[in-house]
Amino acid sequence: MSLIEKAVQRLDALKQAGADNIAEDKQRPPVADVPAAKPAAAEVPVRQRESSSSVPLADPMPTPNPAVSRQVDIDLVRLGAMGMVTPDLPRAAIAEEFRLIKRPLLSNATATGPTAIDNGSLIMVTSAMPGEGKSFTAINLAVSMAMELDYTVLLVDADVSRPSVLNRLGLPPERGLMDVLSGEVSNLGDVLLRTNIEKLSILPAGMPHPRATEMLASESMNRLLEQIANRYPDRIIVFDSPPLLVTTEARVLATHMGQVVIVVEAGNTTHGTVKQALATIENCPVKLMVLNKSREDAAGSYYGYGYGYGAEARSEAA
Ligand SMILES: Nc1ncnc2c1ncn2[C@@H]1O[C@H](COP(=O)(O)OP(=O)(O)OP(=O)(O)O)[C@@H](O)[C@H]1O
Ligand SMILES: [Mg+2]
């Protein structure tokens, strides 16, 4: 059975169990490890907002200096009150949920030898459609990972058309990724933000740019990612991204990633939509699915918010 068929079967099962019309949710534990594999590419037509015409970019980009220069303070009490992961509430249910979600991602990111994954420390959080919980998941994942002893984490707001990471964290807009790629900012360190969560830094999206897709696909982006990933081997980079089926940006971003987390909104995202989204990123080494906004109560019905990995989301040849 193919990856997509399994994913659809899993969603079918959830639907039958009452995943529709969800009101409130709970964590569902991972049901499988996620081994690295490299599936063949597949071409599935999706709507495109922009053409892929090549337009000259600000290149060559000056060599960025990844030194982090500025600190911002996240209101951790507010974060906790929003039901998000915070170091102040390590035993909260949401923290427990993300402990389970991050484990296979960290294990893949640090795998060595035959199980090593190219760019495994580059983790993109996406979904098929808007509003499925990408930003919520990316922020919680980044904070949860930053609470680990062994890792530093960079949270990149790569939803460059509709950035939300800073706003969600109660912080004002800042320059960021787009400004570096466009050449407006020559030093990466000028736009990286340290936070009061010791091991968490943020690269904001920066100014919206009409050629965002080309910029994300550019050699400058390759170099930027290489530099960030290679310079700090203990660093995990989590990308909040746009949805896969609405713009071309997410698919372009995915080409850089070692791991892609696909957030699926339980009871809302259709099977066809999930299939189409998966098909757009078939070349990514590792794909994991997080079922969001689902919860299983003692009687076996689903309600509310929560997460679960689909075993079907493991990357394998379809
Ligand atoms: N598991 C969850 N528990 C509680 N609230 C959630 C959960 N997942 C998402 N939400 C809420 O649902 C809304 C949409 O989530 P979010 O903004 O993360 O989605 P998104 O996929 O990033 O949307 P967009 O495509 O617009 O960027 C937000 O208000 C968020 O706080
Ligand atoms: Mg978002």
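The values are calculated or read from the model by the stated rules, or taken from the named source; none is laboratory data. Not measured: the values here are computed from a predicted model. In this analysis, Cβ positions are derived from the backbone assuming ideal geometry, glycine residues included, and neighbour counts consider all displayed protein chains. When the accessible area is computed, the model is the full protein with side chains, heavy atoms only, and any ligands, DNA or RNA have been set aside. Shrake-Rupley method; radii C 1.70, N 1.55, O 1.52, S 1.80 Å.
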Open item on the list: If I take every Cα pair under 8 Å that is 6 or more residues apart in region 70-317, average their sequence separation and divide by the length, what percent do I get for the relative contact order?
Closed with: 24 percent
TODO: State the Cα centre-to-centre distance between region 198-240 and region 155-196 in whole Å.
DONE: 9 Å
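Output the Kirkwood hydrodynamic radius of region 70-317, Cα pairs only, in Å rounded to one decimal.
Details: mean 1/r = 0.0554 Å⁻¹.
Hydrodynamic radius (Kirkwood, Cα pairs) of region 70-317 is 18.1 Å.
Using 0.36 nm per residue of separation minus the Cα-Cα distance, give me the extension gain between residue 115 and residue 164 in nm, one decimal. Spell out each step's value before the answer.
On the way: separation 49, 0.36 × 49 = 17.64 nm, distance 3.42 nm.
Computed gain between residue 115 and residue 164 is 14.2 nm.
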Task: Proximal charge balance of residue 82 [Cβ under 10 Å; K/R count +1, D/E count -1] - done: +1
Task: Extension gain (nm, one decimal) between residue 88 and residue 230, 0.36 nm per residue minus Cα-Cα - done: 48.1 nm
Task: Extension gain, residue 70 back to residue 100 (0.36 nm per residue minus Cα-Cα distance, nm) - done: 7.7 nm
Open item on the list: Tell me the accessible surface of residue 270 in square angstrom (1.4 angstrom probe, heavy atoms of protein chains only), to the nearest ten.
Closed with: 70 Å²
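Within a Cβ distance under 11 Å of residue 180, other residues only, what is the Lys/Arg minus Asp/Glu net charge?
Working: positive: 175, 223; negative: 179, 184, 190.
Combined, the nearby Lys, Arg, Asp and Glu give -1.
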TODO: Would you mind telling me the share, in percent, of accessible area of region 99-253 contributed by carbon and sulfur at probe 1.4 angstrom?
DONE: 50 percent
